[in-house]
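What follows is calculated from the coordinates using simple rules that are stated; it is not laboratory data. Note that the coordinates shown come from a computational prediction; the quantities given were computed from them, not determined experimentally. Methodologically, a virtual Cβ is constructed for each residue, glycine included, from the backbone with ideal geometry; neighbour enumeration extends over all protein chains shown.
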Amino acid sequence: MAAPESSAAAVPTLYTNNALRNAFGGVLAFFILLLIGVMAFSIRLFSVIKYESVIHEFDPYFNYRVTQFLAKNGIYEFWNWFDDRTWYPLGRVIGGTVYPGLTLTAGTIWWLLNSLNIPLSVETVCVFTAPIFSAFASWATYLLTKEVKGTGAGLTAAALLAMVPSYISRSVAGSYDNEAVAIFALIFTFYLYIKTLNTGSLFYATLNSIAYFYMVCSWGGYTFIINLIPMHVLLCIVTGRFSSRLYIAYAPLVVLGTLLAALVPVVGFNAVMTSEHFASFLVFIILHVVAFVYYIKGILTPKMFKVAVTLVVSVGLAVCCAVIAVLVALVASSPTKGWSGRSLSLLDPTYASKYIPIIASVSEHQPPTWPSYFMDINVLAFLVPAGIIACFSPLSDASSFVVLYIATSVYFSGVMVRLMLVFAPAACITSGIALSQAFDVFTRSIKFQLPGIASNTEVDAAETSSSTAEAQNDVVKAEKSEETSKNRPSKKSKKKEKEEKPLTKAKAEKKRLLALPLDSSVISLLLLILLGALYVVHCVWAAAEAYSAPSIVLTSRSHDGLHVFDDFREAYAWLRHNTDVDDKVASWWDYGYQTTAMANRTVIVDNNTWNNTHIATVGTAMSSPEKAAWEIFHSLDVKYVLVVFGGLVGYPSDDINKFLWMVRIGGGVFPHIKEPDYLRDGQYRIDSQATPTMLNCLMYKLSYYRFVETDGKAFDRVRQTEIGKKYFKLTHFEEVFTTHHWMVRIYKLKPPKNRIRGKTKKSKSKTSTTSSRAKRSGTGKKNPWN
Amino acid sequence: MEAPIRATEFLRFTLLSLLFFVCRSSPSHDLLISNAERRIDLTSHIVKVYLTLKVENAGSTPTSEILLAFPPTQVDHLATVEALVTKGKRKKTTLARLDVKPTELPDAPNGTKYFTIYLANPLNSGESTTLEVLYLFTHSLEPFPAEIGQSESQLVYYRDSALILSPYHIKQQTTFLKTPSTKVESFTSMEPTNRAGTEMKYGPYEDRPPYSFSPILIHFENNSPFPVVEELVREVEISHWGNLQVTEHYTLVHGGARHKGVFSRVDYQSRPNLNGVSSLRYLLARLPPRVHSVYYRDEIGNISSSHLRTDSRKSELEIEPRYPLFGGWKATFVIGYGLPLQDFLFESSDDRRYLNFTFGCPLLDTVVDKLTVKVVLPEGSKDPSAVVPFTVEQHLETKYSYLDVVGRTVVVMEKKNLVPVHNSPFQVYYTFKPIFMLAEPLMLASAFFLFFVASVAYLHIDLSIRK
């Protein structure tokens, strides 16, 4: 709770010239960072405390299963892993289609712990990977913001990021997903980029490529980096900020980074072949041209230079046109213009809903609503504009990067709710800058107003330090490329500060006049602290209440205490222990990962959704009448069908509510499934007004089979209506398991009837067998002794 | 279908062989049993047989060994045999436990297996004594029909002999069988046979020669669930910091008639008395008192349906599997708990330490097919030796746990076919020097110290090339 305030309080102490105070500031900053790390870790443990140490949701189960495989079989087996438990009968090459960063990270942690004889299970390691990396991410935020606006802003931003709800939603303990490590990798890559930009050190440039490599390993969102950094480089060039440091920051990243990225099997040649990466190459060329021009400019006289420019521009334009034409032709020859569906839906938000229902059907691919912004970043939404303004005074290479980062991520988060996650660090960084600058201004004003407290020398000290913004402004003006001088006390800037000492002294008088009145600054300070407190309260609430549910265990509070709905695991455990190990289970793809991980049974489709036709087949089966569905499933060698039904307890995200997507996806491939057949006057309903197609489809029947016997009326609590068709029999399926709250129902396909050749033969053989059976059983019953 | 036929053949065969034995074998012993009464309890899935024998030494030499005979089919399912002798006169009789050991005899007819009871005082000629023998069979009730639907009740066969198999001449014998309910489908009649309520009486039969055998088959209703733990691994970890951590891995199966066809939750929930009567809904585990941090989970996480009741003498953990177990259904789970060390660890007179803990399975009324008890001794303990009241297979292992360097010695004991009678204490003796307790804290402290020294050194060393 106290972290933002205390970090803000630490700001003045850090900037003193006094060595002891400097050291004290360093130690304080270190401990604040340590506490931020602890807070980032512990705020994510609500899920473990309120529920249990368990893997959450859907995708994490897949990652967990892969990690188990890795821990058991080693890295080489992992790369060559062909998984035959999923996408039956196609299978899936896991090693080549998965971003291995997360699993390798957790696998390495597990291996390290085990070699130290700390016998933690793979599950425990997986559960706590995300909180650990959140702590790393907040430290990386500190480093990044420190490069941009100094230690104070860094600490504030780190504290904000440690508890931003948007990030918590993806990194609570148990949420073992790619994003958990990818956000850290993203921020750290940006930090190293800025660091290289500020120092011009090849060491950091190399580290930057490695961090980028880690990011590529971890998440498909790496394309954001490889597009944002070129954009920033371009921005720097256009605004005349080209320098050799920019070159060092960018060129090694593209060369090394692309080479390293191509090493990741899932990326491979995509790193040079798809449109997502073209921007970086284009900027790479531009950068070289600009560097070359600067070089030529340096060795030629201005007159000669002008001649050379006209010459080169005319030739260069022609070459560029030719190259661009070839590129465009290449890109246009591919059907999706070289862009993957998810990327395209980023550029054109309506793309997915128009063409790819399977992407649109995922809730995290929908555009967010305004309340979700407030929910996910809370007061940061108001602080971001202030932070952007602070970034512009003065505008350095680093702060322009932050501005660009936030601008692009705002757009992306507006397209897909999932990308709020990329937006959150940017919002934290800008808000951290804004808060820190505001605290700076107010505390400085108070100091000036209270000369009794601050001695004259101290005022001087505070003056020189706290007016760094001003001084920095001058520095930047004097030498544009040199900024954030205080962070790197190079000899040059030190000298400069010394030179400017009389200047700042003179400025102090001016500052005294500019300082805010005492009472208003105190009130503003209090208001800011209140804002911070509100943020903390909201974050803790969000972490505890909104984002901690593991979604495989549901709880409800009623007057007689907490009620636990553990139906999913009940069903998976039943499948695991009471079906044959090679049985195939069909369900909608949402439950594929969980079924393979928890029940260890082969599934037809899963959350990977790489094969639309296969999913459409399952969707078609679910929306077909019983016999047709049985034929489809039988052709897929399916033995059990699993449906999720929330009608008895009111669990809203069940298969009936997802059913229209099954129809749409199925209909997209098999045109005999038509969405209007399932809708009455454009309305989706399951009551007595529902269409006969709807009431006869397999999903309806499997969900509501014998439902009427529970309460006599068959009242569906999710749809708040009585169902349309209450009494019906299943002819091709039989119920084999239903969980305690009816949330998961498992049906078995009845075996096909024996083929009968001739009628007479059939009746004969039938009667004979039955009679003999009857005879035997009769005798057996009466007296087992004869 | 085939079972009755096979049973008939079996009957014929045994009758023939019986005749053969009667002709062939002469009473090799001078003992005879003047009166035998056998009570067979069939109410649960563990068959309990109480045998009261009045043994008389008709020979001339004193003997202290009395043989019990079992047919080979029964001996495989025999979990335990106990023998008690009644001492004293009418008023104040006391029971004394006797040694019972399996014995091989060279001329055992038809693969008969023997157990020898060793009397404390030899039985002189002409004397007689009364023995109380208790033995338990597991897996001896064969469900028939072998597969039942959800609403059917479970019927089982029990096979035995109306006459007690014995190498001695039995003057008079009676067998009582107790069934769980009055519903008995059929039973083999061998006059005189009476049936009243839940009890059946075979006998009394007079003057049967040695190795008399007369198979009987009883087909009756037994709706109690048959909880069978196929494999149980108990790991007891001793920490001299004051905790005894017990982890138990169960593979549970319902050993009754296999479930067939549909499982309908609506029937199961609305008519619990008619549907799934033999299903296994919950289990009761009796844990030691002062148990703490109990958990109950399986490989996919915590199982929320359990209740713990503790009082000063015992703790009871009521656990429900994730789903009700029908015949043939399986479930695996783990129970773990901590116990205060001072309740179980003691120092023996010769300066060694010993753990006194309960062997067997804490679940009530369960059969354990295979039990492995692993006692993990603290790192640095030496000379482990286990004292178990019955024969077990033993060997040693090494386990590496938190920050171990040399590893912890694990005493592994394995036993097959256990029943709750086996829940008796066992001891593991070992020597341990308390200084070893400090090894790991010291290691951690020195690691941190080295880290700080390294940090200080790093801060004071200038490795730059240019000055």
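Per residue, the average separation of C-alpha pairs within less than 8 Å and at least 6 apart gives the stretch A:561-646 a relative contact order of 29 percent.
In this Cβ point-charge picture (+1 for Lys and Arg, -1 for Asp and Glu), the stretch B:116-261 has a dipole of about 360 debye about its Cα centre.
Positive end of the dipole of the stretch B:290-423 (Cβ unit charges, origin at the Cα centre): among B:GLY327, B:TYR354, B:TYR402, the Cα lying farthest that way belongs to B:GLY327.
Computed across the protein assembly as shown, the Kirkwood radius stands at 37.0 Å (inverse of mean 1/r, all Cα pairs). The residues A:CYS320, A:CYS428, when put in order of fewest to most other Cβ atoms within 10 Å, stand as A:CYS320, A:CYS428. Remark: mean inter-chain Cβ contacts per residue of B:291-304 equal 5, using a 10 Å Cβ-Cβ cutoff to other protein chain atoms. Over what distance in Å are the Cα centres of the stretch A:151-181 and the stretch B:293-351 separated? Taking the Cα centre of the stretch B:293-351 as reference, the centre of the stretch A:151-181 is 38 Å away.
Shown here for the stretch B:315-377: trypsin sites (Lys or Arg not before Pro) in loop regions (DSSP other than H, G, I, E, B) with at most 16 other Cβ atoms within 10 Å, of which there are none. Each residue of the stretch B:240-250 is assigned a 3J(HN,Hα), and the resulting list reads 6, 7, x, 10, 10, 9, 10, 10, 10, 9, 10 Hz, derived from the Karplus form 6.51 cos²θ - 1.76 cosθ + 1.60 (θ = phi - 60°), x at Gly and Pro. Count the net charge of all other residues whose Cβ sits under 14 Å from the Cβ of A:ASN600, scoring Lys and Arg as +1 and Asp and Glu as -1. After counting each charged neighbour, the total is 0.
First select every other residue whose beta carbon is under 15 angstrom from the beta carbon of A:ILE296; then total the charges, Lys and Arg +1, Asp and Glu -1. Summing Lys and Arg as +1 and Asp and Glu as -1 gives +3.
With θ taken as phi - 60° and the Karplus curve 6.51 cos²θ - 1.76 cosθ + 1.60 applied, the whole-hertz 3J(HN,Hα) list for the stretch A:97-102 is 10, 10, 6, x, x, 4 Hz, x standing for glycine and proline. If you line up the long axis of helix B:439-460 against the longest principal axis of chain B, both from Cα atoms, how many degrees apart are they, to the nearest 10? Roughly 20 degrees, rounded to the nearest 10. Listed peptides A:278-287, A:581-590, B:286-295 appear in the order A:581-590, A:278-287, B:286-295 once ranked by packing, highest mean of other Cβ atoms within 10 Å at the front. For the segment B:258-265, counting C-beta atoms of other chains within 10 Å of every residue's C-beta and taking the mean gives 5.
Across peptide A:566-578, the average count of Cβ atoms from other chains found within 10 Å of a residue's Cβ is 6. In terms of distances greater than 27 angstrom between alpha carbons, the cross-link table entries A:LYS726/A:LYS750; A:LYS658/A:LYS729; A:LYS195/A:LYS306 yield A:LYS195/A:LYS306. Each Lys and Arg contributes +1 and each Asp and Glu -1, all at the Cβ; summed about the Cα centre of the stretch B:253-317, the dipole is approximately 180 debye. Of the peptides A:294-305, A:630-641, the ranking by mean beta-carbon count within 10 Å, highest at the top, reads A:630-641, A:294-305. DSSP bridge analysis restricted to chain B gives an antiparallel fraction near 90%, rounded to the nearest 5. With respect to chain B, whose longest principal axis is taken over its alpha-carbon atoms, helix B:2-24 is tilted by about 70°. Rounded to the nearest 20, the size of the Cβ-charge dipole of the protein assembly as shown about its Cα centre is 2060 debye, with Lys and Arg at +1 and Asp and Glu at -1.
Karplus-based coupling profile of the stretch B:313-329, in residue order and whole Hz: 9, 7, 10, 10, 10, 9, 10, 10, x, 4, 9, x, 8, 9, x, x, 6, with θ = phi - 60° in 6.51 cos²θ - 1.76 cosθ + 1.60 and x standing for Gly or Pro.
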